[in-house]
Amino acid sequence: MRTLTLVASCILMVLLLPNLPNSGSNAQEPGLSSAQQTSSASQADKIALVIANQKRMEAAQDIYERVQKIEYRKTGSDITPFETKVWRIFPEGPAMGKILLTPTGEPISAQSYRAELEKLAKYLQWVTQQGSAQREAYARTERKKKERADLIASTRQAFIFTPMGEESRGDRTLVKYKMVPNSSFKTSLKNAIIFSKVSGIIWIDEQSGELARIEGSVIEDISIAMFLARVYKGSHFMQERYELAPGVWFPTFEQYDFDGRKYFLPFSIHERTFYSGYKRVGAPAEALPLVRAELDKLPNN
């Protein structure tokens, strides 16, 4: 089931940096009027801004802690989850620490919470040191980031985006785009096959150029792990993002409703995830004093 959850995350991940074909080019297109060329260039500039902002926000999440609450449901329409888990997510340089909390977001016990904070402080202290093990830990993370970046960069050719008008969200104006697979897209990148099997809609905040919302559906069954598993057509995913501080846009909610099979057994992934409590803690050298200060305030028993 872990593999299938990662696939769901991957599908959402690869769609978070949308682009338009040739959006990085300012060359004039034959057959277009001057007004059309200006409009096309303006649209390309908007998408380029979205990409730059999205990359900036992705990097920023590496220095922000948050609370993650996941509700597990048997079906996407279930009102009440059968299980709820809450974690405090804390950036640790090349990793992300997770401290399990109660469903209401409180420490499970004073003793276990202290133990988890002490483990977090110990790792942060270790990762700030210079050594071959630390360098290898960061190198592994950088390799994963490069794989992700290469996959995301290929979205430039993987999808065709069509404007669908505007919508209001509070006092913000969101520009809406339909996204469909580009049939001429070819690549040898791992996991890029997902691109041809999903479609959806994105909403971009007009004022800031930030991605505000994305919804997508699986339009063709997706085979996983050499056909040992399959995500079925009709599976759905979405994510919402809000400005939580000036210039800081992070996810606040996402939902997966995936059905399929693993080997010969059916499976369902129906998860709703809420993010809250974002707080900047910085790189490990900055975060370590914060964790130690929190430990000093906790009772010893």
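The values are calculated or read from the model by the stated rules, or taken from the named source; none is laboratory data. Treat the numbers as computed from the prediction; the structure is a model and nothing was measured. Reconstructed Cβ throughout: ideal geometry from the backbone, glycine too, with neighbour counts over all protein chains shown.
List of remarks:
Let's see how each residue does on (1) farther than 30 Å from Ala245 by Cα; (2) of a type outside the set (Lys, Arg); (3) in contact with a helix residue (DSSP H, G or I) (Cβ under 6 Å, 6 or more places away or on another chain):
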{"residue": "Glu147", "(1), (2), (3)": "no, yes, no"}
{"residue": "Asp150", "(1), (2), (3)": "no, yes, no"}
{"residue": "Glu166", "(1), (2), (3)": "no, yes, no"}
{"residue": "Lys176", "(1), (2), (3)": "no, no, no"}
{"residue": "Asp205", "(1), (2), (3)": "no, yes, no"}
{"residue": "Ser208", "(1), (2), (3)": "no, yes, no"}
{"residue": "Ser223", "(1), (2), (3)": "yes, yes, no"}
{"residue": "Leu228", "(1), (2), (3)": "yes, yes, no"}
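- Residue check, Glu147 surrounded by fewer than 18 Cβ atoms within 10 Å (Cβ to Cβ), under 20 Å from the mean Cα position of the chain (by Cα) and either closer than 26 Å to Leu211 by Cβ or acidic (Asp, Glu) (or both): yes
- Check on Glu116, without any contact (Cβ under 8 Å) to a residue 60 or more places away in the chain, outside any helix (DSSP H, G or I) and either buried (at least 17 other Cβ atoms within 10 Å of the Cβ) or in contact with a Leu (Cβ under 7 Å, 6 or more places away or on another chain) (or both): no
- Scanning the stretch 69-104 for residues being part of a loop (DSSP other than H, G, I, E, B) and either surrounded by 15 or more Cβ atoms within 10 Å (Cβ to Cβ) or not aromatic (Phe, Trp, Tyr) (or both) gives a total of 16.
- If the condition is being farther than 29 Å from Asn191 by Cβ and either of a type in the set (A, V, I, L, M) or touching an Asp or Glu at 6+ places or on another chain (Cβ under 9 Å) (or both), then the stretch 134-176 contributes Glu166, Arg169, Arg172, Thr173.
- Any hit, the stretch 227-244, residues being out of contact with any strand residue (DSSP E or B) (no Cβ under 6 Å at 6 or more places or on another chain) and modelled with pLDDT under 90: yes
- Output for the stretch 190-234, where each listed residue is of a type in the set (Gly, Ala, Ser) and either more than 21 Å from the chain's Cα centre (by Cα) or farther than 22 Å from Gly165 by Cβ (or both): Ala192, Ser196, Ser223, Ala225, Ala229, Gly234
- Filter result for Arg66 (under 30 Å from Leu117 (Cα atoms), surrounded by 13 or more Cβ atoms within 10 Å (Cβ to Cβ), at pLDDT 95 or above and among the basic types (Lys, Arg)): yes
- For the stretch 228-274, the strands (runs of 3 or more DSSP E) that sit wholly inside it and include 1 or more residues that are surrounded by fewer than 17 Cβ atoms within 10 Å (Cβ to Cβ) and touching a residue at least 24 places away in the same chain (Cβ under 8 Å) are 236-245, 248-262.
- For the stretch 188-209, residues that are surrounded by fewer than 14 Cβ atoms within 10 Å (Cβ to Cβ) and not small (Gly, Ala, Ser) total 3.
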